[in-house]
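Here is the structure we will look at.
What follows is calculated from the coordinates using simple rules that are stated; it is not laboratory data. Small disclaimer: the values here were computed from a predicted structure and weren't measured. Neighbour counts run over all protein chains shown; Cβ positions are idealised from the backbone, glycine included.
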Amino acid sequence: MGEFNVHRVRFFNYVPSGIRCVAYNNQSNRLAVSRTDGTVEIYNLSANYFQEKFFPGHESRATEALCWAKGQRLFSAGLNGEIIEYDLQELTIKYAVDAFGGPIWSMAASPSGSQLLVGCEDGSVKLFQITPDRIQFERNFDRQKSRILSLSWHPAGTHVAAGCIDYISVFDAKSGSAIGKMLVDRQYMGVSKRKCIIWGVAFLSDGTVISVDSAGKVQIWDSATGTLVKNHLVSNADVQSIAVSDQEDSFVVGTAEGTVFHFQLVSVTSSSSEKQWVRTKPFQHHTHDVRAVAHSPTALISGGTDTHLVIRPLMEKVEVKNYDAALRKITFPHRRLVSCAKKKQLLLFQFAHHLELWRLGSTVATGKNGDTLPLSKNADHLLHLKTKGPENIICSSISPCGGWIACSTASRFFLYRLNYEHDNISLQRVSKMPVFLRSALQILFSEDSTKLFVASNQRSLHVIRLLEGGFKHLHTFQPQSGPVQSACLLAVSPDGAWLAASGAAAGVLVYSVRRLKLHCTVPAYNFPVTALGIAPNTNNLVIAHSDQQVFEYSIPDKQYTEWSRAVQKQGFHHLWLQRDTPITHISFHPKRPMHILLHDTYMFCLIDKSLPLPNDKTLLYNPLPPTNESDVIRRRTAHAFKISKKYKPLLFVDLLDEKTLVAVERPLDDIVAQLPPPIKKKKFGT
Amino acid sequence: MVQLRPRASRAPASASAMVDEGQPASEEEAGHGLLLGQPSSGAAAEPLEEDEEGDDELDDEAPEELTFASAQAEAKEEERRVRETVRRDRALLKEKRKRREELFIEQKKRKLLPDTILEKLTTASQTSVKKSPGKLKEVNLQKKNEEREKGSDSKKAKEKVQKVQTVGQNKSYMAVRLKDQDLRDSRQEAAKAFIQNCLYGPGTNRTTVNKFLSLENKRLPMKKAAAQFLNNTWGSQRKQNAKRFTKRWMVRKMKTPKK
């Protein structure tokens, strides 16, 4: 395998934003997650919980509610008073409609999916009709005295429950008049000065309304008589979210202390038919407020201020007890946020509104395996580049020579030229970007830094030649049909002859850069692509998918390689397939064509194609064999997958040169240290 | 006090007073004379009564003769008197205002720094503004963005202060581009403040992340330190200075040859 000096980088100050809303779509088994910076991410739960699409955030969009409507349409509403529809095919925002009620606090789609109800700051509940291309304002319901913080439709679409401050009102959906009002106590069996905020309501088909409020109570009401049926005191802090399953036999609530409670409808005694709601399971997977929960048929999904998305499959609903029934916690991004300029040893970090350029430190010391070498020169923060405007950065890249930086937001494309003189760095912006280069999903520079490849969100691929002081548009590859994948990845061969682009429904497309036309198409696979890489010399395209399958395709021969067929025949090791996080980067050794370096969040792996493949019985994560063992044993236990779990959690691993690796880590404690304050926990003895 | 019209019987005395009024030198005297001429109510009452009594006795006599000329002269004198009083009042007010302004100017002069320092300041700020407008803009943007990230309420105040520095000495107004202002509504602000208050305001039981994570360390059988025990940002300026000093010292040490 070889010995490497590893640069352990921990100065990438990556802090994800907290999760605000979660919406589950049953038909397509997809989860829409919106964060506090306005980003909306779509996770495909059947493709190994991979984040397949995302809409970049915007500073003025403070999303407060997210919901799916009929026909896979996604709507969100926020404090800027607008209802936004997202176009999942084109990956843009279709339109934004102002509701004229002030900031919008809650939104609910009717059970039939054709109407949308929003609750506003001024106390009005507005009904919109969903037409095939837009939404149309229909009617205002009776105006309430305080802001409407939560809404819920009756499954038959006849009534609506709205939670305000200190009371819940029930409306008749046809006429819009308020039929009933249920007053909520400010504190469980007590008096309090703080107003009781009803964070969530749920309307069940037998007329019961379940409400969760800021006093920590879960209350069950009968909407026909307006009386309280049952009161559960669940926590000392707020209970902030509620989600009911489709069968209405269980619901889940999330509290501000990070606990998620599961309530189930259980019969009173084993023989009677009378049922009651009982709190069955507590889950403590979060440290901060759980502001959003969702209930899918088999799992409980929760997300909150501590930025984790936790999917907990329910044991009684899972049919087969295999690895699918394990807890999934999604913390780190499923895309690459770090680019590396290998020759100059520079790293480019992508944040939401700025880019940072760092030069790696150097050392002159040498040592044995496992030693920490002292730095003779520290890492240097060279550049802090802010983008103008309120939008978040979608993608960024630095050329391998370090002379060009490109980044893109939803409406603008930035290209900068860097000059280095004696430790000083000067930046020049290339102005007058062409009109077609508005926003890019992926940017890649060629190995000799003369060409720039841009995958735009209009599904076309642009090739641009970079000149000193400007650029020249060379060619545009025609747009492909089918929905746009957000993970539109690009890979270019080191000799500059081939360009591979994923993102089309047909599979991975390979273009010839020299002849500027499509060369071949890798057959489509039903799981999305998570990483692409083209090997030097052999021009083999290595593709990693979200179900942890890795394929190798030979571009000159237009077929899968022998090694890839052998791997597929034998199958991967079961531990390899059970990994949680997707592979986000593939790179190669310049001198050794048999090596492939891949990494995901918790491991990095060097695949040696010359060694035999492991079968299910061998140990996958074999540690470094002790040197006093005989050669025979080492040869018998060695296999192709050399995995190291020494550095984790990893955001990026790459080979800088033959003897050096760079590993960008992001310890979870450093992220947690920068989160907002959590609720105080009192423990005996402290 | 009612200014009674001087009676015909007093006419000669007042006429002499009025004649004196024509000369400006005797203005004040005339004024005083007029004032004196104004009979007090008591004094007026007596002659009235006397006159009345006199009138009763002299009822049968013919009324006094009053020539047109004398009446005209009286009227003219009266007008002149009124004009004089108005002019005097205005003059008095003017004087008052003049004195006040002078007082204010003096006070202001006392407050401001000596002129030399002010000159220096204005020239220095102008040249610095001319040299690096770009830098200032970046600094402003940086500060703005930092503050946005922090989300502090004193954001707007800080921005105003910065703008004032670039505008110069004119602290009475501030010119701001509408484009640079964030797209915020007062209602949106109020909504955000409401949420912030509900979740993190007074009455909520919040604690710092450090304390939260260190809670378990306190209950372990071997008590450990807090999760963020060291404050790495303490004394960063001092540490930088120390580094620079050691560098310079090393260079000096290398330069001087060993004896």
I need the P(r) histogram for chain A: all alpha carbon pairs, bin width 20 Å from 0 out to the longest distance, whole percents. 17, 46, 30, 7, 0
Cα-based Lys pair tally, segment B:201-254, threshold under 24 Å, eight or more apart or on separate chains: 5
Given unit charges at Cβ for Lys, Arg (+) and Asp, Glu (-), the dipole magnitude of segment A:294-381 about its Cα centre in debye, nearest 20, is 400
Please list, by residue number, every one of the trypsin sites (Lys or Arg not before Pro) in segment A:44-102 that is coil in DSSP and has at most 16 other beta-carbon atoms within 10 Å. A:Lys70
Ranking A:Asn540, A:Gln115, A:Ser241 by how far each Cα lies towards the positive end of the charge dipole of chain A (+1 on Lys and Arg Cβ, -1 on Asp and Glu Cβ), the top one is A:Asn540
Euclidean distance between Cα centres, segment A:188-241 to segment A:285-341, Å: 27
For segment A:71-88, take each phi angle, set θ = phi - 60°, evaluate the Karplus expression 6.51 cos²θ - 1.76 cosθ + 1.60, and give the result in whole Hz per residue in order, putting x for glycine and proline. x, 6, 9, 10, 10, 9, 9, x, 6, 8, x, 10, 9, 10, 9, 9, 9, 7
Convex hull around the C-alpha positions of segment B:68-124: the volume in Å³ per residue is 76
Can you tell me what percent of all Cα-Cα pairs in segment A:527-686 are more than 22 Å apart? 50
In segment B:201-254, taking the dipole from +1 charges on Lys and Arg beta carbons and -1 charges on Asp and Glu beta carbons about the Cα centre, the listed residue (B:Gly203, B:Ala226, B:Gln237) farthest towards the positive end is B:Gln237
Give the long-range amide H neighbours of A:Ala62: residues separated by 5 or more places, or on another chain, with amide H under 5 Å away, using H modelled in the peptide plane at 1.01 Å from N. A:Leu79, A:Asn80
Given +1 on the Cβ of Lys and Arg, -1 on the Cβ of Asp and Glu, and no further charges, what dipole in debye does segment B:68-124 carry about its Cα centre, rounded to the nearest 20? 280
Dipole of segment A:1-114, positive end: most advanced residue of A:Thr63, A:Val33, A:Leu88 [Cβ charges, Cα centre]: A:Val33
What distance in nm lies between label points placed 7 Å from Cα along the C-beta direction at A:Thr521 and A:Ala224? 5.9
Given axes a ≥ b ≥ c from the Cα gyration tensor, I'd like to know whether segment A:199-321 is rounded (a/c under 1.5), prolate (a/b larger than b/c) or oblate. oblate
Taking 7 Å along the Cα-to-C-beta vector as the label spot, tell me the B:Leu93-A:Ser205 distance in nanometres, rounded to one decimal. 8.7
Chain A: relative contact order from alpha carbon pairs under 8 Å, six or more residues apart, as a whole percent, is 9
The extension gain from A:Leu577 to A:Ala365, computed as 0.36 nm times the residue separation minus the Cα-Cα distance, is 72.4 nm
In terms of the alpha carbon gyration tensor, root eigenvalues a ≥ b ≥ c, rounded if a/c is under 1.5 and otherwise prolate when a/b exceeds b/c or oblate, segment B:201-254 is oblate
Using a simple charge model, +1 on the beta-carbon of Lys and Arg, -1 on the beta-carbon of Asp and Glu, nothing else, what dipole does segment B:201-254 show about its Cα centre, in debye to the nearest 20? 500
Alpha-carbon centroid distance for the pair segment B:199-259 / segment A:8-40, whole angstrom: 31
Note: A:671-678 gets an average of partner chain Cβ contacts (10 Å, Cβ to Cβ) equal to 5
Dimensions (Å) - segment A:163-202, Cα atoms, principal axes, largest first: 37, 16, 14
What's the ranking of B:238-248, A:302-312, A:671-681, A:435-445 by average number of surrounding C-beta atoms within 10 Å, highest first? A:302-312, A:435-445, A:671-681, B:238-248
